[in-house]
Each structure stands twice: as C-alpha cells, then as structure tokens.
Amino acid sequence: MTDEYEHYEAIVVGAGPGGAAAAAALADRDVETLVLERGVEAGSKNVTGGLIYAEESAPYTIDDLFPDVRSEATDRPVTEYYLHNVAGNKVKTYDISGLHGHDTEWSDAVLRRKMDAWLADEVHERCRETGGGLLTDVRVNGLLREDGEIVGVTCDEIEPITADLIVAADGVNSELARDAGLMDWEDPEEWFQGVKAVVDLPADEIETRFDLPEGEGAAHLFSGDLFEGARGGGFVYTNDDSLSIGTVFHLDSIVDEQVEPHELLDALLTHPLLADWIGEDYEELEYSAKLVPDSKKVAHPSPHEDRLVLVGDAAGQMQAQGPIIKGMNHAVTAGALAAEAFVEARRDGDPHAAGERYERKLDSTGTMGKLRPRRYKIAAALGEPEPISGLVDSVVASPVGRLALGNRVSDKLLGRLYDSPFMAMMVPDTRTPYVTMPTVIAERLGEPVEGESHVEPPDLTERIGNLTYNTDVGNPHIVVEDESWEASGAAVWSCPVSARGFGGGCYREETVETNGSTERAVSLDTQPCVECGTCAVVADTHWEHPSGGKGVEFKQG
Amino acid sequence: MTKGVPDFSEGVVSFDEDGHLERGKTPTVMNPNDAYALEAALQTKVRHGGTVSVMSMGPPGYQEVLEEAMESVYADDAYLLSDREMAAADTWATAITVATGIHKLEAEAGEEVDLVFAGFKTADGETGHTGPQTAWCLDWPMITHVIALDVDEEERTVRAKRLVEGDIEEIETVETELPALIVPDPEFAPSYHRASHRLTHKDLRAETRERVNDIDDLVTVWNHEDLNLDPDYIGLDGSPTIVESVDPIPKAPSEREATMIDPADEDAMGEVLDELLPYAD
Ligand SMILES: Cc1cc2nc3c(=O)[nH]c(=O)nc-3n(C[C@H](O)[C@H](O)[C@H](O)COP(=O)(O)OP(=O)(O)OC[C@H]3O[C@@H](n4cnc5c(N)ncnc54)[C@H](O)[C@@H]3O)c2cc1C
Ligand code: SF4
C-alpha cells in the first residue's frame, strides 16, 4: 500500500536548529534527506531569546556543522553577562560571566528569521546533492503507519511520504511527538512561556549605551519583585542593531498568579534600569511568544519510536541552567547525534533501528545528563514540596533571612553562588530563587537606580497590528473543546495576545445565559494567534499548527 | 503564447478626456490571463521535464513582457515575432504568424512541440480568438477552459478537466492526443502534490533567477522574412476584422439621490433626526 508513496531515506520535520543540524549531518553522510518546514521561510515561525551556545563539552556545536554560521547568521558575541536583582527601584547586580563562560566556547545573540533562513539555504544545497532538499510551506500533520508501525509522514499540502528515518525536529508542541504518544501537553508545570520584544537600536548606540567594544555584546538578566510574584525573570540581549528584551516564566505560575504576560514584559520594558539603554524613542519591531519545555521535567529519556526520533524542543531537550537558557545548542547536538545513529544503523544493515542508538548516544555524550541532571532530582525532591518551599520562602523573607542575606559577607557569597554552574543546576522551581531572594537581596544590598523610564510600550492592539499574518480563513487551527471558564478560562490571561477586558485578542471572556443562570465561558478567534502553544496546555483545546505558509510570520524571531 | 497589454490596474492606466486609452502613457504588462497559461506550462515542465519557450508577437519593446513571462514560467528561452509588417494584426493574422513561428521553432530545434498554452482572452481585445485560431492554423486539437491537466508521456495523450459554464457549473474531463493546444481557465490551479515536484519547482526557480540576468541572449527575434510570411497575409493587410468604432460604455446613472447636510447646521440635522425617527424603535 505504501509502495505508491514517494520515499526518501530520511525525512526531517522542521527547519529550526535541531532540524537543520540533523539534515546537514545526514546529507554530509550521503543520506538522501528531505526537510519539511511549515513556515514561508525557515525562521518565520520561530522565537528564541536568545543566545546560542557552543559548549566545549558538546559532541557537536552549530559551527561544527555550519562553519560560516557566526560570520553569516548570528549577531553579537556575548562578552559581558550580568544578573540584576530588583526590588522597586533598588537593584543589586552580580556579574555572572563565570556561569556564562562555564563550558562555553563561544556564545552569540541570534535572531531566528535571519539565522534559520541562512541555515535552511545551506541545508537545501547540501540535501539537494543527495536527491532530497528542503521545502517550505509544508506542514506535516501526522505520522504514516503501516500495520501499526510508523513508516512516514502525512502532510497538509503534499502526498504522504515514507522514509527509513523520520526526525521530528518540529519544536515545542511537536505534533509528531504527540501523535507517537511520546509527549503530551497536559501539565503547565512542565513548561515555561517566553515573551519577547525586538527593539530597534542602531549599532553605534548599542555600543555607547551598553559601553561595549565594537562588535561585542552584552546579556542582562532580571529577577525580583517586578513581575507580580510570577516565577521567572527577564532578559536583555544585544543584537547587531536591535535589542531582544523578554521574559520567561513558569507557565503554572502565570496560570496560578493570573498575570498577563504582556504586562510582565511591559514591567521590564518600563523599569528605570532599562531607561538609559532604550532611550527616549522606543521602537518595537516585533512582539512574539513561544512555549519553552523544561528538560528537567520533560526531556524524554527514550525519545524514539519505530523509525521516528525526536530532537530538540520536540523531545523536551531545553535546559534551564538556572537563569541561563539552553535549547538551541542541545537541539543541534541531538540532531547531529540522530544522524550519526542512523548512519551507523544503516551500515549495520538495520536502518530502522536508529532510535536505540540515538538514545545511547544522548546518554554516553553526557547530553541527557545535562538535560536531566541527577543533582536536580535530589534537590527537587528536597526543595519542591510545597510545605518546605513555603517555609524556605518565609525564612528568607523574615527578619532573620533578611539579616542573613543582607550583609557584606553574604554579598560576596551570593556573588559566587549566582555565578556557580553547580548552584544553577540545583535551583528549585519555587518562588524563593525567582522572587523572594532577589527581592530581599535588592532591598538589603541594592542601590536605587536614578532616572525614569520614558518607554511607552505599544498595547496589544498595536502589537497584533504590527505582526504579519496569512490567515487561513474559515479553517482555525485551534478549537476549544470545553468552553467553560473552569476548563479554558486560564487562556484568557495566559495567552500572550489576549487579556481580560480586551476584545481584540484570541481568547475572550463571555457570559452565557443557560436556563436562567449566567455562566462564564471563553470564546476564541485564532486570527491574532502567534502560535505560542500556551493554550494547548492551559486550556481544553484541539490544537494544531496552521497549514503550510499560513498564520503568523515573524520577521525577527 | 503571451502578449503585452496595457496595464489596466487602478492608478496606472491613463485615459484621455474622451475616455480613450493613452497607450503612450500606460505601461505595457503581460496579459493577466496569460499567467494561467504559463502556470499550466510550468506545471507540465515540473512534472515531465522538457523545455518551455515563450512566444509573443508584438513590438520590439516587448522585452519586459517576455522577461516577466519567462520568470513566471521559468522558461528556457523566448521568441519575439516582430516587425512593421506584423503591426496592427487582428486575431486571425496573429494566429497565422504565431503558428508559423511555432513551426519555425520546431524546425530550428529539430524537435516537435508537444503542447502550446494560450491565455484565455486578452485584457485589451477581449476576443479570446487567438488561441483557438492558432490551433486551427496548426491543425491541432484544442482544449479550452482547462482547470486541471495531466499528460501521459507514454501514450502521448493529454487529459484535462474543463469548466463548462452553464446554468450550473459543470466540470467535464476530456482527452486528446499530443500535440495539442491548451487554453487554461482563470480557475486553473497548478498542483504540486509530490515533494519531488516541489523540489524541481524550487530548482527551476533558482535556475531562472540566474538565467534572466542574460535575458538579452535568450530572446530570439524573428521578422516576417525569417518566417517566410507574405506581408499580404499578416499585419493590418492580412486582417479581415474591421473595427468600425468603439463605443464607450456609458456610466450607469445613479438611481439614488443624496442630500448633503452640514453637521453644524442644527436645523438640517434636526430634519435628519426626524427622518430617522420612524426607524428608531
Ligand atoms: C523567549 C525564549 C527565549 C529563549 N532563549 C534561549 C536562549 O537564550 N538560548 C537557547 O539556546 N535557547 C533559548 N530558547 C529556547 C530555544 O529557542 C529552543 O529550545 C530552540 O529553538 C529549539 O530548537 P528546535 O530546532 O528543537 O525547534 P524550533 O526552533 O522550534 O524549530 C521547529 C521548527 O519546526 C517547524 N515545524 C513545527 N511543526 C511543524 C510541522 N508540523 N510541519 C513542518 N514544520 C513544522 C517550525 O516552523 C520550526 O521551524 C528560548 C526560547 C524562548 C521562547
Ligand atoms: S491562541 Fe493559544 S497558541 Fe495562539 S497565541 Fe494564544 S495561547 Fe498562544
């Protein structure tokens, strides 16, 4: 039955860093490789912070696979890294370049449209040599099975295709991982939500305002009381001629605290600390958002099934190393390891057995150990249960804790702790490290920042209006299955382009009259959707990506 | 087959006071309906390989039209049939000229042309005759109003779905032998449902982008002598059609009346409110 389908040796779904790495590594080993990407161009669907890391200990880095990537596709190398603890207008800053530099060969700021599109051209050229190539505007919508076994993929735009290896590099909210039963989208605790604004700033202004040598870049992180108690933090990264300013929060915290993600971003944008950097004229080039998996909880220990392997975010391989976020580098490593595994399996006459080898490679190279650190498991067991974390939190916030944290000895100690990779790995997911400690530190040790912000961020209407959409009219990619407030109400505030009392977003609060009583419910209009994936987790929906080339198109990413 | 027509799009087209088109002031573009013909040709090339040539009869300044056509069909080369003797041809004289051009193309290439694609009506003449008359001159079968198309290389046949517009829209499937002339309908939608077709499409696009840089080398111009055509049978002299006069379509008179009211005029606004009152409930 599947004989009539087109066949390629390998299909790679998704042209982010994971897919690009897998495809390049396969093509370089003469594997006939077809890459399918749903965006109009690679990168047009993707959002990152972001700093891409080349780790010294990694078996593959992006420049191993794409030697020109740094000169052609990345932005400034990060040479300075600071963490700011904020309480009101008091700020206590620590230099964390040690943590940043730990195991780091280099690290550059990137914008995804630019980087991924460049990678995709390289990938297409190399894959074309093998008889494959890279196609955009194609959405893979499921797995093709024969006698219950995965043998290929099905797509919205083209006929089904079979392959000996199927690499699902389709990112967070991987439809293929879901179809294979390897990942689910149930628990907000397993995810972060990232929201970002790309802000225009000429190169020379960046260097003056951040006091940077020409061509170099800085990274700044923020935590403390500026985010209404939500667990997470903010970042400012310098690109070639723009700033990436964003926030990353635990999704369960957004749901529980009932905070509006765009307001948290605005709290950062308008903090006086950023006033001198941004200046008087705030020009937001793009507003974007995306879910981020927390590898500590969801990195699949055995990310394969039949001929299918999962790489990158699709497999939950996104490491939050304390405040430092590493997803792109691990996606690259995993993609290349999957390619290696396939070629070895093929050599041994069993090309369909790449999955097992891939899993072993993730372990033996130490990649899985970074994603799911044993230390964290122990720390989590101690730190996470609610009564203990609540206790720790109140101790830190109590006069005793304040005294303990707020002296010069602890200042030194804290400086070292924040800069320590060991500590970063153990940070529990409680309020303590994200909110309480930074706030107390800033209150006790911080200096007030002078100056006042003149930044007036655009409202959601303007932000949505500035985005480019190719709406698939009459064919919404998300359908709410349970419209009750209990089941899906959290989407109204958690969706980054919706808000309570805002009629122009995706999710809206409605009141419905039934048998004389009024009930709260939600309604959905997917037109302004930025495909972040949040409502797949926090609401009761049937959630898919839009068809190829449809939906939002990021120009920056 | 493609043709240049005045660009009728809003803001570009220029009419004189009597409503006559000012050709000199209006840029020439590729006839919009030809896009469907070109898409059908491209689809055939993507699926079956081969070469695609663009042919047009027109003034020497047609270069841009040919370039546009070449880029959208990823054509290999272009032929411009052009000289004074061909000017002011009607559809009949055009068909004779183009058919002769096609024969010459076959002779030069040493290969037979399998399919000719013609646009459905031009935006200026609106006759829809040139394609069918060319088929008649070539003595080839013709399928018009094509919305989907399938070539069987082995059998040397072409099967097409055509849109038959009547009281209800019907789609019929017809089949004929190659060579044949195809007139795609504006509803024609190319379909690339196989990954390999899309990859070929992408290759062709890249190749064409390179190629059109040397467009001058790719355009061959043939005059009536090259085509061995008797001036009496082409151009104005060879055109049996006589356009006696062209009547502008009169503007439809407005059936509704409007009264302009200054919102600052309280009395007048009061009247408006009075008028609206009956609907207020
Ligand atoms: C705000 C924010 C900040 C971040 N900061 C950093 C950082 O500083 N450093 C870092 O390393 N990481 C960071 N990350 C995480 C990082 O962006 C991801 O881990 C990384 O992009 C994962 O790469 P990937 O190749 O697995 O998936 P993606 O980059 O998401 O690529 C998936 C690709 O698959 C395509 N696709 C999806 N579904 C389909 C389908 N059905 N059919 C066809 N194509 C499909 C998509 O269009 C996309 O191109 C951040 C993330 C966010 C949101
Ligand atoms: S509708 Fe859902 S996927 Fe779209 S932006 Fe809102 S939360 Fe994200």
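The values are calculated or read from the model by the stated rules, or taken from the named source; none is laboratory data. Worth saying up front: this structure is predicted, and the values here are computed from it rather than measured. Using ideal geometry, Cβ is built from the backbone for each residue, glycine included, and neighbour counts are taken over all protein chains shown.
Here are the numbers:
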| item | result |
| --- | --- |
| When residues of segment A:31-47 are limited to those that are within 16 Å of ligand 2 (Cβ to nearest atom) and not hydrophobic (A, V, I, L, M, F, W, C), the one surrounded by the fewest Cβ atoms within 10 Å (Cβ to Cβ) | A:Ser44 |
| Any chance B:Met269 is modelled with pLDDT under 80 and either away from chain A (no Cβ under 14 Å) or in a helix (DSSP H, G or I) (or both) | no |
| Segments classed as strands (runs of 3 or more DSSP E), wholly inside segment B:23-88, with at least 3 members that are aliphatic (A, V, I, L, M) | B:53-57, B:77-81 |
| Qualifying positions in segment B:107-152 - hydrophobic (A, V, I, L, M, F, W, C), closer than 20 Å to B:Val54 by Cβ and assigned to a helix (DSSP H, G or I) | B:Ala107, B:Ala109, B:Ala135, B:Cys137, B:Leu138 |
| Residue count for segment A:281-318, restricted to those that are within 19 Å of A:Gly246 (Cα to Cα), more than 16 Å from ligand 2 (Cβ to nearest atom) and surrounded by fewer than 24 Cβ atoms within 10 Å (Cβ to Cβ) | 6 |
| Lone unmet requirement of (1) within 24 Å of A:Asp363 (Cα to Cα); (2) in contact with a Lys or Arg (Cβ under 8 Å, 6 or more places away or on another chain) for A:Gly50 | (1) |
| Residue list for segment A:127-152, filter: surrounded by fewer than 23 Cβ atoms within 10 Å (Cβ to Cβ) and in a helix (DSSP H, G or I) | A:Arg128, A:Glu129 |
| In segment A:327-353, residue nearest to the chain's Cα centre (by Cα) [restricted to those that are touching a residue at least 40 places away in the same chain (Cβ under 8 Å) and surrounded by fewer than 24 Cβ atoms within 10 Å (Cβ to Cβ)] | A:Glu340 |
| Criterion (assigned by TED's automatic domain parsing to the domain that holds A:Cys535 and over 23 Å from A:Glu175 (Cβ atoms)) met by exactly one of A:Glu486, A:Glu443 | A:Glu486 |
| Verdict on A:Glu159 being within 14 Å of chain B (Cβ to nearest Cβ), over 30 Å from A:Gln258 (Cβ atoms) and surrounded by fewer than 21 Cβ atoms within 10 Å (Cβ to Cβ) | yes |
| Candidate set: segment B:177-219, residues that are hydroxyl-bearing (Ser, Thr, Tyr) and part of a helix (DSSP H, G or I); chosen: the one farthest from the other protein chains (Cβ to nearest Cβ) | B:Thr208 |
| Tally of residues being closer than 27 Å to A:Ser44 by Cα, touching a residue at least 12 places away in the same chain (Cβ under 8 Å) and either surrounded by fewer than 23 Cβ atoms within 10 Å (Cβ to Cβ) or in the same structural domain as A:Tyr287 (by TED's automatic domain parsing) (or both) across segment A:500-522 | 3 |
| Number of positions in segment A:79-126 that are assigned to a loop (DSSP other than H, G, I, E, B) and either within 15 Å of A:Leu51 (Cβ to Cβ) or in the same structural domain as A:Gly14 (by TED's automatic domain parsing) (or both) | 5 |
| Output for segment A:494-524, where each listed residue is under 23 Å from the mean Cα position of the chain (by Cα) and more than 10 Å from ligand 2 (Cβ to nearest atom) | A:Ala499 |
| Test: A:Val512 is out of contact with any Lys or Arg (no Cβ under 6 Å at 6 or more places or on another chain) and closer than 26 Å to A:Leu265 by Cα | no |
| Count of segment A:493-537 residues which are within 16 Å of ligand 1 (Cβ to nearest atom), touching a Pro at 6+ places or on another chain (Cβ under 9 Å) and aliphatic (A, V, I, L, M) | 3 |
